1. If you go through region 21-44 one residue at a time, do you hit one that is in a helix (DSSP H, G or I), surrounded by 10 or more Cβ atoms within 10 Å (Cβ to Cβ), on the phi < 0 side of the Ramachandran plot and over 27 Å from the mean Cα position of the chain (by Cα)?
2. Take the conditions surrounded by 10 or more Cβ atoms within 10 Å (Cβ to Cβ), part of a helix (DSSP H, G or I) and either touching a strand residue (DSSP E or B) at 6+ places or on another chain (Cβ under 6 Å) or among the aliphatic types (A, V, I, L, M) (or both) and apply them to Val4. Does it pass?
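What follows is calculated from the coordinates using simple rules that are stated; it is not laboratory data. The model shown is predicted, which means the values in this text are computed figures rather than measured ones. Note that each Cβ is placed from the backbone with ideal geometry, even for glycine, and that neighbours are counted across all protein chains shown.
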Amino acid sequence: MCKVINGIKNKAKELAIRAHMAIANQRGDFYISDAVKIIIGVVLGALLLAALTLIFNDTVIPRITKAIEDLFK
């Protein structure tokens with residue numbers, strides 16, 4: 001019975017040490033910063049794409065359409 005209790009204690013200590021090491025691990029910081037950079041890039045890209053679409057739909061395409069229609073009149 002004593003061996004079983006000691007085995008359980010050892011497993012609990014090992015689990016506690018593993019949990020402490022996982023929490024204290026600093027290697028994952030680079031993944032977080034890379035993820036933030038990617039998210040910022042995607043958001044800025046979407047904003048740029050929306051701005052270009054707005055500019056083209058409101059100003060450039062109507063002018064081109066008018067110029068083409070004037071050619072065929």
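1. No, there is no match, as no residue in region 21-44 is in a helix (DSSP H, G or I), surrounded by 10 or more Cβ atoms within 10 Å (Cβ to Cβ), on the phi < 0 side of the Ramachandran plot and over 27 Å from the mean Cα position of the chain (by Cα).
2. Considered against the rule, which asks whether it is surrounded by 10 or more Cβ atoms within 10 Å (Cβ to Cβ), part of a helix (DSSP H, G or I) and either touching a strand residue (DSSP E or B) at 6+ places or on another chain (Cβ under 6 Å) or among the aliphatic types (A, V, I, L, M) (or both), Val4 comes out as no.
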